1. What is the number of the single condition among (1) at pLDDT 95 or above; (2) out of contact with any strand residue (DSSP E or B) (no Cβ under 8 Å at 6 or more places or on another chain) that residue 200 does not meet?
2. For a quick check of your reading of the model, give me the residue pairs whose first member lies in segment 195-208 and is surrounded by 14 or more Cβ atoms within 10 Å (Cβ to Cβ), whose second is in a loop (DSSP other than H, G, I, E, B), with beta-carbon atoms closer than 6 Å and at least 6 apart or on different chains.
3. Looking at (1) within 26 Å of residue 214 (Cβ to Cβ); (2) loosely packed, with under 14 Cβ neighbours inside 10 Å; (3) touching a helix residue (DSSP H, G or I) at 6+ places or on another chain (Cβ under 8 Å), which one does residue 117 not meet, given that it meets all the others?
4. Of the residues 85, 32, which is more than 19 Å from residue 226 (Cβ to Cβ), surrounded by fewer than 18 Cβ atoms within 10 Å (Cβ to Cβ), more than 20 Å from the chain's Cα centre (by Cα) and free of Cβ contacts under 8 Å to residues at least 40 places away in the same chain?
5. If you take the residues of segment 128-157 that are in a helix (DSSP H, G or I) and touching a strand residue (DSSP E or B) at 6+ places or on another chain (Cβ under 6 Å), which of them is farthest from residue 223 (Cα to Cα)?
6. Condition first: at pLDDT below 80, in a strand (DSSP E or B) and more than 16 Å from the chain's Cα centre (by Cα). Can you find one or more residues in segment 159-174 that meet it?
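The values are calculated or read from the model by the stated rules, or taken from the named source; none is laboratory data. Just so it is clear, the model here is predicted, and its values are computed rather than measured. Cβ coordinates were reconstructed from backbone atoms using ideal geometry, including for glycine residues, and neighbour counts include every protein chain displayed.
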């Protein structure tokens with residue numbers, strides 16, 4: 001796993017209001033499930049998207065939304081481990097977030113959460129998601145390749161079609177732990193690490209299967225089955 005530290009200044013991230021469009025092979029595969037006449041229960045743990053909520057409710061599905069990256073910036077989570085290193089309190093975090101019954105969800109959208117969340121929370125969050133998902137349910141996550149670079153912007157993802165996403169760049173700056181707010185008042189996030197394939201497989205080792213889709217924008221789409 002590759003970790004990013006402080007880096008030289010580079011070209012600015014896209015403006016917060018700019019939206020890009022990308023084709024998604026994983027979304028295309030998931031779209032067959034979205035057409036189900038049975039009501040699905042869906043969890044979106046990325047930055048809140050009103051269009052995603054509308055996308056699923058118009059199709060008769062039930063969607064829950066939690067912005068876990070935003071929640072992870074709570075200063076009350078900051079503690080130190082046995083070696084005195086700063087970490088986030090995963091027990092407290094999970095007492096306040098992802099509080100759902102076991103085996104509730106049919107689909108979970110993690111988006112790019114693992115790349116931007118503090119490392120101390122990533123594995124506990126994935127373990128909690130496993131318990132909340134139904135057997136046979138699916139989880140979608142995006143992981144950057146090393147070619148993306150440490151200044152890759154953090155995006156809010158909006159479903160716009162059966163194989164298309166709109167990407168809205170959040171207000172990315174150097175160090176989200178400083179709790180600095182941008183002009184829009186939103187928290188700031190920076191890429192924390194790059195997972196290699198074997199690290200991704202280890203992260204989801206308790207799941208039944210994993211499938212990789214490599215796209216042209218330095219993102220690996222990962223679809224895992226509970």
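1. Every listed condition holds for residue 200 apart from (2).
2. Pairs that qualify, where the first residue is surrounded by 14 or more Cβ atoms within 10 Å (Cβ to Cβ) and the partner is in a loop (DSSP other than H, G, I, E, B), are 195/1; 199/1; 207/226.
3. (2)
4. Going through 85, 32 in turn, the sole match is 85.
5. 146
6. Yes: one or more hits.
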